[in-house]
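Here the structure comes first, spelled out in structure tokens, and everything after it is commentary.
The values are calculated or read from the model by the stated rules, or taken from the named source; none is laboratory data. On a predicted model such as this, the values are computed, not experimentally measured, just so you know. Note that each Cβ is placed from the backbone with ideal geometry, even for glycine, and that neighbours are counted across all protein chains shown. Keep in mind that these areas ignore ligands, DNA and RNA; they rest on the heavy atoms of the full protein, side chains included. Shrake-Rupley method; radii C 1.70, N 1.55, O 1.52, S 1.80 Å.
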Amino acid sequence: MTSGLDHTVRLSRPADFIAIVPYMLGFHPQRSIVAMAFEPAADPQATARGLRFSVRFDLPDNSEDTPELARRFADLLTRNGTERAILIGYGPGWHVTPVIDAVRGSLSDAGIDTIDALRVEDGRYWSYMCPDPDCCSPDGVPYDAGTNPAAAAAVFAGYIARPDRAALAAMLVTVGGQDREQVRAATREACAEARSLLAAGGDHDWYHEGLARIAAALERTQAGQDLSADEVAWLGVRLSAIFVRDAAMTLIGRYDDTHIRLWTQLTRRVEPDFAAPPAALLAFLALRTGDGPLARVAVERALSVDPRYSLAGLIRTALECGLPPEAAAGMDFAGMADEIADKAAQCPDLARPVLPVGW
């Protein structure tokens with residue numbers, strides 16, 4: 001699920017809604033069905049106002065899965081207080097039409113008004129609700145998203161539409177080449193030093209040291225500087241501790257863009273065995289800022305490393321349940337800082353690195 005654009009973009013024609021979808025999702029959808037949810041219109045004669053969020057699902061491969069998909073759409077939109085929606089299906093008619101019909105039926109049963117239902121394929125769109133052939137030709141209505149004012153406004157506001165979902169996921173692919181070799185060597189050294197400290201026992205302050213390293217990394221990132229291989233390695237090792245990872249969350253609330261850039265960089269540059277914590281942090285930040293597609297690919301990245309990583313699992317559940325960004329944005333992590341620090345002092349084992357097997 002993706003929240004509405006935070007800039008004013010006027011949408012009035014079907015082509016406008018089609019043009020804006022890729023910028024809300026972060027990529028151009030294919031073989032998908034998208035629902036755009038709106039705030040209720042103040043004027044009963046108006047269609048809608050305030051695009052609140054959009055949600056996308058793949059078209060089901062098997063027709064028997066269509067009723068369940070329709071139910072999920074209705075549940076998600078109902079849970080978020082949606083009263084009016086536009087549906088857009090991407091693909092050939094034989095694939096899109098049964099899904100659109102099923103979703104429209106489920107939304108109607110849930111008391112949600114479908115403003116319009118469209119199908120998009122090869123630069124043309126068809127409306128399932130417009131009976132006027134002069135307005136909506138049976139041969140489809142051509143549109144050019146590249147010249148659409150709504151798309152231009154989204155680009156001007158800084159939104160990006162990647163070619164497809166695979167291109168979005170590629171943002172988190174592990175970096176290779178010389179950087180990989182340097183980070184791998186630095187990670188070996190960091191793990192060796194961490195094992196020595198752990199073996200020595202004592203009162204090494206893992207929590208505050210980890211928090212200081214995270215704060216320093218955020219400052220570097222805010223300044224537009226890349227982290228060194230040593231910094232990446234040590235952050236990967238430190239974030240393997242639950243309370244140090246949680247300490248990173250206490251710094252959320254300021255410079256969310258900086259956090260997203262930092263956790264994206266770390267997800268890509270740490271040794272793959274250490275990628276679950278930064279990927280989960282990235283997923284949470286994306287959820288918080290309303291970037292549902294990025295949150296999903298980040299969750300998938302975290303769970304590909306550790307299928308049982310609990311923070312990633314919780315975020316996946318939140319996404320599947322349609323938790324609105326405002327709920328995550330309203331969490332006061334700064335206010336939890338002292339509580340997490342106290343717990344780290346009481347349970348120091350949870351502030352110590354947990355090195356993956358082989359490291």
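Of everything in segment 298-312 that's assigned to a helix (DSSP H, G or I) and either in contact with a Leu (Cβ under 6 Å, 6 or more places away or on another chain) or within 18 Å of residue 241 (Cβ to Cβ) (or both), which residue is most open to solvent (accessible area, probe 1.4 Å)?
Result: 310.
Identify all residues within segment 323-347 that are of a type outside the set (Asp, Glu) and out of contact with any Ser or Thr (no Cβ under 9 Å at 6 or more places or on another chain); write none if there are none. Lay out the reasoning, then the answer.
First, pick out the residues of segment 323-347 that are of a type outside the set (Asp, Glu): 323-325, 327-331, 333-337, 340-341, 343-347.
If the condition is that a residue be of a type outside the set (Asp, Glu) and out of contact with any Ser or Thr (no Cβ under 9 Å at 6 or more places or on another chain), then 327, 330, 331, 343, 344, 345, 346, 347 are the ones that fit.
Sort out which residues of segment 290-316 are touching a residue at least 60 places away in the same chain (Cβ under 8 Å) and out of contact with any strand residue (DSSP E or B) (no Cβ under 8 Å at 6 or more places or on another chain), and write them in order of number. If you could, list the steps in order and put the result at the bottom.
We begin by selecting, within segment 290-316, every residue touching a residue at least 60 places away in the same chain (Cβ under 8 Å); these are 290-294, 297-298, 300-301, 311.
Hits for segment 290-316 are 294, 297, 298, 300, 301, 311.
With the structure loaded, tell me whether residue 354 is within 24 Å of residue 169 (Cβ to Cβ), out of contact with any strand residue (DSSP E or B) (no Cβ under 8 Å at 6 or more places or on another chain) and in contact (Cβ under 8 Å) with a residue 60 or more places away in the chain or whether it fails that test.
no
Pull up segment 169-210, narrow it to residues that are in a helix (DSSP H, G or I) and β-branched (Val, Ile, Thr), then point me to the one that is surrounded by the most Cβ atoms within 10 Å (Cβ to Cβ).
Step by step, filter segment 169-210, then rank; the result is 183.
In segment 237-273, which residues are open to solvent by less than 10 Å² (accessible area, probe 1.4 Å), of a type in the set (Ser, Thr, Tyr) and within 16 Å of residue 170 (Cα to Cα)?
Of everything in segment 237-273, just one residue is open to solvent by less than 10 Å² (accessible area, probe 1.4 Å), of a type in the set (Ser, Thr, Tyr) and within 16 Å of residue 170 (Cα to Cα), namely 267.
Say we look at segment 256-277 and pick out the residues that are farther than 20 Å from residue 306 by Cβ and of a type in the set (Asp, Glu); which of these is modelled with the highest pLDDT?
So the residue we want is 257.
Only one residue in 124, 119 is out of contact with any Cys (no Cβ under 9 Å at 6 or more places or on another chain), modelled with pLDDT of 95 or more and not hydrophobic (A, V, I, L, M, F, W, C), so which one is that?
Criteria check complete, one pass: 119.
Tally time: how many residues in segment 153-162 are open to solvent by 60 Å² or more (accessible area, probe 1.4 Å) and in contact with a strand residue (DSSP E or B) (Cβ under 7 Å, 6 or more places away or on another chain)?
So the answer is 0.
Yes/no matrix, rows are residues, columns are (1) without any contact (Cβ under 8 Å) to a residue 60 or more places away in the chain; (2) among the hydrophobic types (A, V, I, L, M, F, W, C); (3) part of a helix (DSSP H, G or I):
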| site | (1), (2), (3) |
| --- | --- |
| 70 | yes, yes, yes |
| 76 | no, yes, yes |
| 85 | yes, yes, no |
| 105 | yes, no, yes |
| 120 | no, yes, no |
| 139 | yes, no, no |
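State whether one or more residues within segment 133-152 are within 21 Å of residue 294 (Cα to Cα) and buried (at least 19 other Cβ atoms within 10 Å of the Cβ).
There is at least one residue in segment 133-152 that is within 21 Å of residue 294 (Cα to Cα) and buried (at least 19 other Cβ atoms within 10 Å of the Cβ).
From the list 213, 245, exactly one residue is touching a residue at least 12 places away in the same chain (Cβ under 8 Å) and over 19 Å from residue 295 (Cα atoms). Which is it? It would help to see each step written out before you state the result.
Numbers: 245 fails: over 19 Å from residue 295 (Cα atoms).
Exactly one residue qualifies, and that residue is 213.
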